[in-house]
Amino acid sequence: MAINDTKITIPCTETSPDTNLDSDSSMSQRAQWLRAAILGANDGLVSTASLMMGVGAVKSDSKAMLLSGFAGLIAGACSMAIGEFVSVSSQLDAELAQLKRDQRADEADRAGLPSPIQAAVASALAFATGAMVPLLAAGFIVNYKIRVVAVAVAATMALLFFGCLGAALGRAPVVRAAARVVAGGWAAMGLTFGLMKLFGTAGL
């Protein structure tokens, strides 16, 4: 009886530690970008909603409220873009200088460097996305009281969403993080509305 001594060799593919580190680094960078986008959207939401609430405290005209919101969107998006461009440009200059000192300024190293233009556009878009929430909520409502309530409710729902998403990305307690974000947004909107109402009543 013949005995078959043929052995089947299954190739074993091992993932190098460097590959795992690169993958973890890439995932970490994407998470940081997402968190930055959420913060930008949250900033646009809170500042624009607070601005619209403040104007709504002294003017019942829907046009004034919407125009103030659009002005806040444009000014805020430009400010965020310029600030991010300057910040990332400074970071890029520092990293390029370090590569030159290390004599490693090849194409592979340059590919991983941050892009000031990309960061500026992303920051502006994130801010504008958040700012559009109160604008859309108030855009089609004529009644003054309903319009103010709609802005507050829409902002609260968006704040809750951003808070939960940011907590999930940062692996933080969701309820606590969402409550903190909502409370901060309400504080900003309430303070702006209250102070503008006071100034409007006093005739300042």
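The values are calculated or read from the model by the stated rules, or taken from the named source; none is laboratory data. Worth saying up front: this structure is predicted, and the values here are computed from it rather than measured. FYI the Cβ positions are ideal-geometry reconstructions off the backbone, even for glycines, and counts take in every protein chain you see. Note: areas computed on protein heavy atoms with side chains; ligands, DNA, RNA excluded. Shrake-Rupley method; radii C 1.70, N 1.55, O 1.52, S 1.80 Å.
All of (1) over 19 Å from ALA37 (Cβ atoms); (2) open to solvent by 30 Å² or more (accessible area, probe 1.4 Å); (3) of a type in the set (A, V, I, L, M, F, W, C) hold for ALA150 with one exception: (2).
With respect to the conditions (1) surrounded by 14 or more Cβ atoms within 10 Å (Cβ to Cβ); (2) touching a residue at least 40 places away in the same chain (Cβ under 8 Å); (3) hydrophobic (A, V, I, L, M, F, W, C); (4) closer than 30 Å to GLY190 by Cα, VAL142 lacks only one, and its number is (1).
Listed here are the residues, each with its yes/no results for (1) more than 21 Å from ALA158 (Cα to Cα); (2) touching a helix residue (DSSP H, G or I) at 6+ places or on another chain (Cβ under 7 Å); (3) in contact (Cβ under 8 Å) with a residue 12 or more places away in the chain; (4) assigned to a helix (DSSP H, G or I).
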{"site": "SER50", "(1), (2), (3), (4)": "no, yes, yes, yes"}
{"site": "GLY56", "(1), (2), (3), (4)": "no, yes, yes, yes"}
{"site": "SER60", "(1), (2), (3), (4)": "yes, yes, yes, no"}
{"site": "MET65", "(1), (2), (3), (4)": "no, yes, yes, yes"}
{"site": "LEU73", "(1), (2), (3), (4)": "no, yes, yes, yes"}
{"site": "ALA81", "(1), (2), (3), (4)": "yes, yes, yes, yes"}
{"site": "ASP93", "(1), (2), (3), (4)": "yes, no, no, yes"}
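In the set (1) closer than 29 Å to ILE146 by Cβ; (2) within 19 Å of the chain's Cα centre (by Cα); (3) surrounded by fewer than 22 Cβ atoms within 10 Å (Cβ to Cβ); (4) not hydroxyl-bearing (Ser, Thr, Tyr), ALA57 fails one condition alone, (2). Looking across region 169-204, just one residue is hydroxyl-bearing (Ser, Thr, Tyr) and surrounded by 13 or more Cβ atoms within 10 Å (Cβ to Cβ), and that is THR192.
The residues listed here are LEU136, LEU113, LEU165, LEU169; of these, the one that is free of Cβ contacts under 8 Å to residues at least 24 places away in the same chain and farther than 23 Å from LEU66 by Cα is LEU113.
The single residue among LEU113, LEU160 that is part of a loop (DSSP other than H, G, I, E, B) and within 24 Å of the chain's Cα centre (by Cα) turns out to be LEU113. Is it true that GLN118 is more than 28 Å from MET65 (Cβ to Cβ) and modelled with pLDDT of 85 or more? The answer is yes for GLN118.
Filtering region 127-157 to residues that are under 24 Å from the mean Cα position of the chain (by Cα) and either outside any helix (DSSP H, G or I) or not aliphatic (A, V, I, L, M) (or both) leaves PHE127, THR129, GLY130, PRO134, GLY139, THR156.
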